[in-house]
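Trainee: Mind having a look at this structure? Questions to follow.
The values are calculated or read from the model by the stated rules, or taken from the named source; none is laboratory data. Keep in mind that this is a model prediction, so the values were computed, not measured. Neighbour counts are summed over all protein chains in view; Cβ atoms, including those assigned to glycine, are modelled from backbone coordinates with ideal geometry. Note: areas computed on protein heavy atoms with side chains; ligands, DNA, RNA excluded. Shrake-Rupley method; radii C 1.70, N 1.55, O 1.52, S 1.80 Å.
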Amino acid sequence: MRPAVPAEDTADQPFGPIWAPTRALGRSVLLTGVLLLLGVALGRVDLALLAAPFAIGAALHLRRIPTSAPEITIRADETHLVEGGEVDAGLVVANPDAIGYDLVVVRTRTSPWLRLEHSDRPFAITVGADGWAAIDLPGEALRWGRQDVGPAAARAAACGGLLACRPVVTPARGVRVYPVTEPFKAVEAMPAAAGLVGAHRSRRPGEGGELAGVRQFAPGDRLRRIDWRVSLRTRDLHVASTLSDRDAEVLLLLDVLGEIGISGGVRGGSSVLDTTVRATAAIAEHYLHRGDRVSLLEYGADSRRLRPASGRRQYLTALEWLLDVRPQPTETEQYENVFGAHHVSSSALVVVLTPLVDPRAADMLAQLTQSGRYVVAVDTLPPETAPPVKNQWTPAATRLWRIERENVLGRLREHGVPVVAWAGAGSLDLVLRDVSRLASVPRGH
């Protein structure tokens, strides 16, 4: 944890914040001086006696002056946190000095997607000598991403409120909130299964659970594969041949050319980016748990990529990768030839999650299909999405835009690009079956 630093520039004071007199000390000194001057000038002893309590009180409180500023630490839960989960956060204020703090005012900022209890209010606490005090900030995580708790600032008063230190600020602490994944299932149909082992039936003979036929016994065949009924009928040994079970590679391609809609968190409306990230997490979880290899790629200015791998480790890596997904609008001139079919394996199933609003996304889908890749487009645009009404022509313009978008979808289907709207479990079943049937048809050369 990085140490707290003064909020003001400390170039002239490299040893930390300075304890400065407060207005209370100034009023005490001023009142004492005025009473003593009046007592001497008017020859009145009672005025001098009235000044004595102020002078004695200030002297008693200032006999020992603190030298250290409070230390503030942000505490945040490091466990696996998902949208809608409870956040365990808090602040810890420590006093390394031998003099107690009469009052410490603490205030913190938090991400708008972390609903922490009373985080918008300052806290006033007392901290004894060489002690500490904790402030709990329970709450709820509303949206995926890297959210911040902090920065937090503290200012302490000591010596009866006569001295106060400059505000001490500690940097924010990040909290990783993973996207919630809806239960997603899909059929086992896969257009290409190219790995060595896995759960998908391939067209290659080998050790598997799918019967391919019966053939004559050959050297190297296992005895447990002998089909005794056929062997007795033909008077010659025959074995049952099977198709090998292999894994497949799935590429999840995220269109991040722009953001549409307003995110309402886990319990509100979903923007395009919300739908894209949550659908990607659900699809990746499904195929990784089946033993397939999954990779992720952004269609945007940065073109971030996660290499294909399998297993639980790849799933956790994919969730971490999704936390950094951001909209990346780019100019057409600057984006030419950045992404092409050579970035995609020829045997991978490409699942493109796109709102199909930017024309470049439609061109990319058509190019991938024409290059022989197995492509499935998932429409992530919410059905109720509409631009804000600015004048009387906005509804008409919206209808024209929707008609043009339907024309784009129709042209993509004519080019052989299946487009399906995201609806959770079962969204890709029919499309995967159709793609698998097309993949089983011999291609012309």
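Trainee: Checking the condition of a type in the set (Asp, Glu) and surrounded by 18 or more Cβ atoms within 10 Å (Cβ to Cβ), which residue from ASP77, ASP97 passes? Show your work before the answer.
Mentor: On the way: ASP77 fails: surrounded by 18 or more Cβ atoms within 10 Å (Cβ to Cβ).
Matching residue, one of ASP77, ASP97: ASP97.
Trainee: Also, quick follow-up: Report yes if some residue within segment 361-372 is within 30 Å of ALA248 (Cα to Cα), assigned to a helix (DSSP H, G or I) and of a type in the set (Val, Ile, Thr); otherwise report no. Break it down stepwise before answering.
Mentor: Here is the first cut: in segment 361-372, the ones within 30 Å of ALA248 (Cα to Cα) are 361-372.
With assigned to a helix (DSSP H, G or I) added as a condition, the list becomes 361-370.
Imposing the further condition that a residue be of a type in the set (Val, Ile, Thr) reduces the set to 369.
Yes, because at least one residue in segment 361-372 is within 30 Å of ALA248 (Cα to Cα), assigned to a helix (DSSP H, G or I) and of a type in the set (Val, Ile, Thr).
Trainee: Looking only at residues that are assigned to a strand (DSSP E or B) and under 21 Å from PRO355 (Cα atoms) in segment 263-318, which one is most open to solvent (accessible area, probe 1.4 Å)?
Mentor: Residues of segment 263-318 assigned to a strand (DSSP E or B): 293-299, 305-309.
Those still in the list that are under 21 Å from PRO355 (Cα atoms) too: 295-299, 305.
Values: SER295: 0, LEU296: 1, LEU297: 5, GLU298: 0, TYR299: 14, ARG305: 95 Å².
Per the criteria, the residue is ARG305.
Trainee: Another question, then. Let me spell it out: the conditions are (1) closer than 28 Å to SER263 by Cα; (2) in a strand (DSSP E or B), and GLU78 meets all of them except one. Which number is the exception?
Mentor: Failed condition: (2).
Trainee: Residue under question is PRO70, and the condition is that it be open to solvent by less than 40 Å² (accessible area, probe 1.4 Å), at pLDDT below 85 and within 24 Å of ALA154 (Cα to Cα); does it hold? If you could, list the steps in order and put the result at the bottom.
Mentor: Details: open to solvent by less than 40 Å² (accessible area, probe 1.4 Å): yes; at pLDDT below 85: no; within 24 Å of ALA154 (Cα to Cα): yes.
No; evaluated as a whole, the condition is false for this residue.
Trainee: While we're on this one: Restricting to segment 129-167, count the residues that are outside any strand (DSSP E or B) and more than 28 Å from GLU86 (Cα to Cα). Before you say what the answer is, go through the steps one by one.
Mentor: Within segment 129-167, the subset outside any strand (DSSP E or B) is 129-131, 142-144, 159-162, 166-167.
With the extra rule that they be more than 28 Å from GLU86 (Cα to Cα), the set shrinks to 129-131, 159-162, 166-167.
So the count comes out to 9.
Trainee: Still on this structure, please answer the following. Do we have any residue at all in segment 168-182 that's modelled with pLDDT under 75 and either within 39 Å of the chain's Cα centre (by Cα) or part of a strand (DSSP E or B) (or both)? Before the answer, list the steps.
Mentor: So in segment 168-182, the residues modelled with pLDDT under 75 come out as 182.
From the residues that got through so far, the ones that are either within 39 Å of the chain's Cα centre (by Cα) or part of a strand (DSSP E or B) (or both) too are 182.
Yes, segment 168-182 contains at least one residue that is modelled with pLDDT under 75 and either within 39 Å of the chain's Cα centre (by Cα) or part of a strand (DSSP E or B) (or both).
Trainee: Out of segment 201-240, which residues are modelled with pLDDT of 75 or more, of a type in the set (Gly, Ala, Ser) and surrounded by 16 or more Cβ atoms within 10 Å (Cβ to Cβ)?
Mentor: SER231
Trainee: Please tell me if ALA52 is part of a helix (DSSP H, G or I) and out of contact with any Pro (no Cβ under 9 Å at 6 or more places or on another chain). Spell out the reasoning first.
Mentor: Values: part of a helix (DSSP H, G or I): yes; out of contact with any Pro (no Cβ under 9 Å at 6 or more places or on another chain): yes.
The answer is yes for ALA52.
Trainee: With over 26 Å from the mean Cα position of the chain (by Cα), closer than 22 Å to ARG293 by Cα and at pLDDT below 85 as the only criterion, which of HIS342, HIS415 stands out?
Mentor: On the way: HIS415 fails: closer than 22 Å to ARG293 by Cα.
Within the list HIS342, HIS415, the selection yields HIS342.
Trainee: Now for a separate question. Pull out all pairs, ordered by first then second residue, where Cβ-Cβ is under 6 Å, the residues are six or more apart or on different chains, the first lies in segment 386-405 and is touching a residue at least 12 places away in the same chain (Cβ under 8 Å) and assigned to a loop (DSSP other than H, G, I, E, B), and the second is open to solvent by less than 60 Å² (accessible area, probe 1.4 Å) and not hydrophobic (A, V, I, L, M, F, W, C).
Mentor: As it stands, the answer is ALA386/THR398, since those pairs meet every condition given.
Trainee: Separate question: Out of segment 374-392, which residues are surrounded by 10 or more Cβ atoms within 10 Å (Cβ to Cβ) and of a type outside the set (Asp, Glu)?
Mentor: Going residue by residue through segment 374-392, those that are surrounded by 10 or more Cβ atoms within 10 Å (Cβ to Cβ) are 374-382, 385-387, 389.
Once the filter is applied, which keeps residues that are surrounded by 10 or more Cβ atoms within 10 Å (Cβ to Cβ) and of a type outside the set (Asp, Glu), segment 374-392 yields TYR374, VAL375, VAL376, ALA377, VAL378, THR380, LEU381, PRO382, THR385, ALA386, PRO387, VAL389.
Trainee: Would you be able to tell me the number of residues in segment 85-121 that are within 22 Å of SER68 (Cα to Cα) and assigned to a loop (DSSP other than H, G, I, E, B)? Can you show your working first?
Mentor: Here is the first cut: in segment 85-121, the ones within 22 Å of SER68 (Cα to Cα) are 91-108.
Subsequent filtering for residues that are assigned to a loop (DSSP other than H, G, I, E, B) retains 95-100.
Here the count works out to 6.
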